[in-house]
Amino acid sequence: MNWETAISQYIDHLTYVERKAKLTQASYLSDLKQVQHYFDSLGVEFDHVDTEAINRFIESETRLKSNASMLRMISSIKGLFHFQSRLDEKRHDPTVTMITIKKTRRYPKTVSTKEIDQLLESKEGGHLDLELTMIDLLYSCGLRVTELVTLKLNQVYLDDGFLRILGKGNKERMLPMGKLTVSNLRHYITTTRSIWIKNKTENVFITPKGKPVSRQYVYTMLVAKEKALGLAHHISPHKLRHSFATSLLNGGADLRVVQELLGHSDISTTQIYTHIEENRLKSAYDKIHPKRKGD
C-alpha cells in the first residue's frame, strides 16, 4: 500500500465513521502529509516503515514544533497505523512501541477584565454593532470562533436567553446569555442585520454585503481592535474563550459545569484550568485552617 491510499482511507474513516469535525480532519491530514513527505524524501514506502524510522522522525520534528503540535502529530501517526492494522490483521503496527513525549503543563492565556471592558466599550471600527456583539458572545458565552461564524437564527432563543450550540462532533449544548448580551444580540439582529441582509441566509453574523462572516474576518477584526486600543498583547477568539472559563472558575463555578459550557467531551480537556481550582482551594484553606490564621 502506498502513502496516498493509506492516508486517504484513514481520513475517510475519520470523516464518515468517527465523524470528526472538519478542522480536526484537516489537522490530521496536514500532519500525515508531513509524515508522507519525510518518508517520501527517504524513499520509504508506507509498508516498509518500522518503529525505529518513526522514532527518528519524531525526534527530528520535536526540535521544530511545539509540545501541543507534537502530541497531535503522534496521535495522527498512531491513528493511521492503528487503523490500517485493524483493516489487515497481518499488518504490523509499528507505533505500538514508538517513543512518546510528555505533555507540558501550560496555563491558558487570557485577556484581563480591563481589556475585556475596553474591547466591549470600543468605538473603534466601522461596524460596531456587528463587532461588539461578536466579541460579547466570544467572551460571555465562551464560543469557539467556528461556532460563532456558523451560528444560525434558529439556534438563538432571545426571549429565553439561550443559545443552542452545535460544537465539535455535532455535540449540542445550551448556553445561557446575560441580559446585556441578549439586548446587544437582539439589537444587532433587528437593526444592523436586517439592513444588511440581501440573499437568503440563516447565519446570524453577516457582513455589510450580506455574506456570512468568516473566521478570518473575526481574527482580522480583533487584531484591528487590539492595535486601535493599544493593547499590550495579541487578542484572539480562543483567548476570549479561555477568559470566559477563567472568569467562571474564579467566580466559584465547578469544573464539571465549565466542561459542559465549553462543550468539552472529556474532563481532561477542561483540566488545563485546574490551577485556578488549586489556587482557590489553597486560599480557602489558608482562611479557615486554625494553624494558618495570623500567618
Take the conditions in contact with an Asp or Glu (Cβ under 9 Å, 6 or more places away or on another chain) and touching a residue at least 12 places away in the same chain (Cβ under 8 Å) and apply them to Arg72. Does it pass? yes
Criterion first (within 30 Å of the chain's Cα centre (by Cα), closer than 12 Å to Ile101 by Cβ and among the β-branched types (Val, Ile, Thr)) does Ile54 satisfy it? no
Taking the range 7-57, which residues are surrounded by fewer than 17 Cβ atoms within 10 Å (Cβ to Cβ), under 28 Å from Val145 (Cα atoms) and of a type in the set (D, E, K, R)? Asp12, Glu18, Arg19, Lys22, Lys33
Just give me the residues in the range 78-104 being without any contact (Cβ under 8 Å) to a residue 60 or more places away in the chain and either under 17 Å from the mean Cα position of the chain (by Cα) or within 28 Å of Tyr273 (Cα to Cα) (or both), in sequence order. Lys78, Ile99, Thr100, Ile101, Lys102, Lys103, Thr104
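Go through the range 212-240 residue by residue and tally those that are part of a helix (DSSP H, G or I) and hydrophobic (A, V, I, L, M, F, W, C).
Here is the first cut: in the range 212-240, the ones part of a helix (DSSP H, G or I) are 215-229, 237-240.
Of the ones still in play, those that are also hydrophobic (A, V, I, L, M, F, W, C) are 218, 221-224, 228-229, 240.
Of the residues in that region, 8 qualify.
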Read through the list (1) outside any helix (DSSP H, G or I); (2) within 15 Å of Met1 (Cβ to Cβ), then give the number of the only condition that Leu64 fails. (2)
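Being within 30 Å of Arg19 (Cβ to Cβ), assigned by TED's automatic domain parsing to the domain that holds Lys227, β-branched (Val, Ile, Thr) and touching a residue at least 24 places away in the same chain (Cβ under 8 Å) is the requirement here; does Val149 meet it? Walk me through it before giving the result.
Details: within 30 Å of Arg19 (Cβ to Cβ): yes; assigned by TED's automatic domain parsing to the domain that holds Lys227: yes; β-branched (Val, Ile, Thr): yes; touching a residue at least 24 places away in the same chain (Cβ under 8 Å): yes.
Here the answer is yes, as Val149 does meet what is asked.
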Here is a list: Gly167, Gly142. Which entry is surrounded by fewer than 21 Cβ atoms within 10 Å (Cβ to Cβ) and in contact with a Lys or Arg (Cβ under 8 Å, 6 or more places away or on another chain)? Gly167
Of everything in the range 1-27 that's among the hydrophobic types (A, V, I, L, M, F, W, C) and either assigned to a loop (DSSP other than H, G, I, E, B) or in contact with a strand residue (DSSP E or B) (Cβ under 8 Å, 6 or more places away or on another chain) (or both), which residue is farthest from Glu45 (Cα to Cα)? Ala21
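The values are calculated or read from the model by the stated rules, or taken from the named source; none is laboratory data. Keep in mind the model is a prediction, meaning the values are calculated, not measured. Quick reminder, even Gly has a Cβ in these numbers, built from the backbone with ideal geometry, and neighbours come from all protein chains shown.
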